[in-house]
Number of protein chains: 2
Amino acid sequence: MASGTLLYAQSGGVTAVINATAAAVIQTARAKKVKVLAARNGILGALREELIDTSKESPATIQALAHTPGGAFGSCRVKLKSLDEDRAKYERLLEVFKAHDVRWFLYNGGNDSADTALKVSKLAAEFDYPLTCIGVPKTIDNDLAVTDCCPGFGSAAKYTAVSVREAALDVAAMADTSTKVFVYEAMGRHAGWLAASAGLAGNGADEAPHLILFPERPYDEADFFKRVKATVERVGYCVVVASEGIRTADGRFVADAGGGKDSFGHTQLGGVASHLAGRVKDALGYKVHWTLPDYLQRSARHIASKTDLEQAQAVGKAAVEFALKGMNSVMPVIVRTSDAPYRWKIEAAPLSKVANHEKTMPAGFIRRDGYGITDKARLHLEPLIRGEAPPPYGRDGLPKYVALKNVGVRRKLGNWAG
Amino acid sequence: MASGTLLYAQSGGVTAVINATAAAVIQTARAKKVKVLAARNGILGALREELIDTSKESPATIQALAHTPGGAFGSCRVKLKSLDEDRAKYERLLEVFKAHDVRWFLYNGGNDSADTALKVSKLAAEFDYPLTCIGVPKTIDNDLAVTDCCPGFGSAAKYTAVSVREAALDVAAMADTSTKVFVYEAMGRHAGWLAASAGLAGNGADEAPHLILFPERPYDEADFFKRVKATVERVGYCVVVASEGIRTADGRFVADAGGGKDSFGHTQLGGVASHLAGRVKDALGYKVHWTLPDYLQRSARHIASKTDLEQAQAVGKAAVEFALKGMNSVMPVIVRTSDAPYRWKIEAAPLSKVANHEKTMPAGFIRRDGYGITDKARLHLEPLIRGEAPPPYGRDGLPKYVALKNVGVRRKLGNWAG
């Protein structure tokens, strides 16, 4: 095989299956005798020259990595700016790549990461350094452009649908004398994909979830209250799923309580469910309960979707294959070839088409009244949560998740001043 | 077999496996040709004469009930007072029992329910009505006296340990540039059993959860902050598990935000994790995330403990056997005969020893510093989350939970004025 090193890095919020992508990258490269380094804590590890030698991990460990949630090499929330603004950082990256003979760079993340990979690739070309940059898709938000869906989403969606179905059975049992309204807060800043996946838990107006609040639709409190009340009076209780990113008609986030901004410049959210539950209690007088699953929804490898796992592995494998073929500045994306039976394949998409774009829910996926999903959405989403892929469990009743040794590579450069 | 009807009712917060108990009750009674009615919404259904004919459900449905969370016949949060105070209600119960030839009453709940069953039994004796009353244990809080553990707890404990382990892997991956402190809120008003079960997720000071806050120990904010800071500086991040019922030294609940009281007279809690997260953020400046799993933790049948499931079924079966033997005013309890290998059996305990008692964690289960569990606790808790018992899944990627027909029995009495 071509000489040189492949560098793999994880970026942004991790998922239940991003390590399955990592495992596939390492396994595919190993089979082709290509050395794989991993950056510790994402792009920061590349900047700091904190690289991990994955050859120190046994085949059994890499196999176990495929069923371990989290991000085994560490991820980060750092977005590089334009080539002009952050030129020193991009040049440092190239310096580190040269020092370690990195010829293939695989960046596993969302649209920000695709953008970074694209820029690194441009700078390499400018410096005449032979480098193939590949973006590898990942995000529970499911908001990447071009790809039909994003690895990580299907498992979070399955967690959401299963959790809502289970909690709804609890609420149904208690509603006569206790909780009448239950609010579930789903992740999703600008796209309601995870909130929508809760819709798979039931069908018809009387099955939970009864009301879904999407960031794609303005939140109208009076109308919401009216519907909650009508549902409680008709069904006996009401299960609400709210996307963290819902906003009122004037564009303000319903839960601005969290305040602040993360390093991507996104508003740091939280507290939609608590807010809605409090308002419903005060306005309608119902006993309410609410849940904020937070990280549980994106790390729940124990309830991973088999479809999602297979796609996470497929993009990892394809990324290495594309890289070794020298297909620069592309991302392996999932292309759906059939809904029923569900069929998909991997193709290469130009990073430029993915970078910095955000895919929200198609209008045809949200019910006309704005509070539920359509049959079209159901047809689209259901295959993504299909199939179970439980991790192995130990005698202690816990999943056997693996911890890597993460042995560092000897540094060749001086400290990074960035 | 003896003639007459067996009445089964569910009480209080439901669990992932209370329906497994119900299924065992129905299956055991069917095998002995005993007719089983169920009260709709717990004791309220008995008072209102809203009874369900379980013979209308097929054997396959009852079998599926064993893997369905929630409370299939409805539960309720209603506690009957003393025989003097609520005499009319107790007499109404007997009236309904007589009208439907109820000779065996199985009340599936916690210590309040054991108390109610005991009082019904006393009144029946007073009226010379031949009735055998059995309490059937259930509670995710694990706080019933006499029994070694409570059906429902093991599954909630497994959910807790698995969720904390998974979320901790997420936090570990992000900590370099993002969340440094993660707070998980566990149910448990006065007993820290569920918070303790999170301790099974890791071992040693550097493994998550790093700090557990028990209601059995006063919460000292300054000391807590000191430990959070030390953990972040040593490990890079800190995972905290807080019981909803933690209180300061002066006895005040840390999260009195929720306010109010439920019909049992318990303070309605919520918001400990959000409170702690906010305080840590302000005092220490760390980026925080937090989760409130709420009902998800007690309805997560998809991650049920096999041990718990077997015990839930065993108490259901034993309850019917005890009832038919005329063993009045008892509860089938779980007796541990060996820790390693874990062995248990069912015995009958007098309801008087269970009623209105609350079992908190033994002092020897909480680490001397107050922030973790001891090896003794580990030895005790681990068998309870051991084994997996996943529900069957459908082609749609969701567990196949069953909905009963819940056909009502024709009423024989007038409306209840209560």
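The values are calculated or read from the model by the stated rules, or taken from the named source; none is laboratory data. No experiment lies behind these values; they were computed from the predicted model shown. Quick reminder, even Gly has a Cβ in these numbers, built from the backbone with ideal geometry, and neighbours come from all protein chains shown. Remember, those area values only see protein heavy atoms, side chains included, never the ligands or the DNA or RNA. Shrake-Rupley method; radii C 1.70, N 1.55, O 1.52, S 1.80 Å.
Considering each residue of the range B:261-296, count those that are part of a helix (DSSP H, G or I) and either touching a strand residue (DSSP E or B) at 6+ places or on another chain (Cβ under 7 Å) or modelled with pLDDT of 90 or more (or both), and give that number.
Number of matching residues: 10.
Determine whether the range B:167-178 contains at least one residue that is within 11 Å of another protein chain (Cβ to nearest Cβ), of a type in the set (D, E, K, R), open to solvent by 20 Å² or more (accessible area, probe 1.4 Å) and out of contact with any Phe, Trp or Tyr (no Cβ under 6 Å at 6 or more places or on another chain).
yes
Give me the residue from the range B:140-166 that is in a helix (DSSP H, G or I) and touching a Ser or Thr at 6+ places or on another chain (Cβ under 6 Å) and, out of that set, nearest to the other protein chains (Cβ to nearest Cβ).
Out of the qualifying residues, it is B:166.
Restricting attention to the range A:120-156, which residues are among the acidic types (Asp, Glu) and under 9 Å from the mean Cα position of the chain (by Cα)?
A:141, A:143
Go through the range A:79-101 residue by residue and tally those that are within 14 Å of residue A:416 (Cβ to Cβ) and either part of a helix (DSSP H, G or I) or open to solvent by 30 Å² or more (accessible area, probe 1.4 Å) (or both).
Looking only at that region, the number is 11.
Please determine, by comparing only the residues of the range B:325-358 that are open to solvent by less than 20 Å² (accessible area, probe 1.4 Å) and in a helix (DSSP H, G or I), which one is modelled with the lowest pLDDT.
The extreme case among them is B:354.
Tell me which residues, restricted to the range A:394-410, are open to solvent by 60 Å² or more (accessible area, probe 1.4 Å), more than 10 Å from chain B (Cβ to nearest Cβ) and within 22 Å of residue A:71 (Cβ to Cβ).
Listed by number, the residues that qualify are A:400, A:405.
Do any residues in the range B:287-315 that are more than 10 Å from chain A (Cβ to nearest Cβ) have Cβ atoms under 6 Å from those of residues that are open to solvent by 10 Å² or more (accessible area, probe 1.4 Å) and not in a helix (DSSP H, G or I), where the two are at least six apart or on different chains, and which pairs are they?
That search, which allows pairs on different chains as well, returns B:304/B:389; B:309/B:389; B:314/B:346.
So which residues in the range A:364-393 are within 10 Å of chain B (Cβ to nearest Cβ) and either within 17 Å of residue A:204 (Cβ to Cβ) or free of Cβ contacts under 8 Å to residues at least 24 places away in the same chain (or both), if there are any at all?
Within the range A:364-393, A:378, A:381, A:382, A:393 meet the criteria.
Could you tell me whether the range B:10-33 includes any residue that is assigned to a helix (DSSP H, G or I), within 11 Å of chain A (Cβ to nearest Cβ) and more than 29 Å from residue B:159 (Cα to Cα)?
Checking the range B:10-33: not a single residue is assigned to a helix (DSSP H, G or I), within 11 Å of chain A (Cβ to nearest Cβ) and more than 29 Å from residue B:159 (Cα to Cα).
Among the numbered criteria (1) open to solvent by 20 Å² or more (accessible area, probe 1.4 Å); (2) at pLDDT below 95, which one does residue A:361 miss?
Every listed condition holds for residue A:361 apart from (1).
From the set of residues in the range A:275-284 that are within 12 Å of another protein chain (Cβ to nearest Cβ) and open to solvent by 10 Å² or more (accessible area, probe 1.4 Å), which is farthest from residue A:156 (Cα to Cα)?
Top of the filtered list is A:282.
Among the residues that make up the range B:394-404, is at least one of them under 30 Å from residue B:131 (Cα atoms) and not assigned by TED's automatic domain parsing to the domain that holds residue B:36?
yes
Would you please name the residue that is farthest from the other protein chains (Cβ to nearest Cβ), looking only at residues in the range A:37-54 that are more than 20 Å from the chain's Cα centre (by Cα) and open to solvent by 10 Å² or more (accessible area, probe 1.4 Å)?
Ranking the qualifying residues of the range A:37-54, first place goes to A:53.
Residue-wise test of (1) open to solvent by less than 20 Å² (accessible area, probe 1.4 Å); (2) acidic (Asp, Glu); (3) over 21 Å from residue B:292 (Cβ atoms); (4) in contact with a strand residue (DSSP E or B) (Cβ under 6 Å, 6 or more places away or on another chain).
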position	(1), (2), (3), (4)
A:186	yes, no, no, yes
A:200	yes, no, yes, no
A:205	no, no, yes, no
A:213	yes, no, no, yes
A:217	no, no, yes, no
A:222	no, no, yes, no
A:229	no, no, yes, no
A:233	no, yes, yes, no
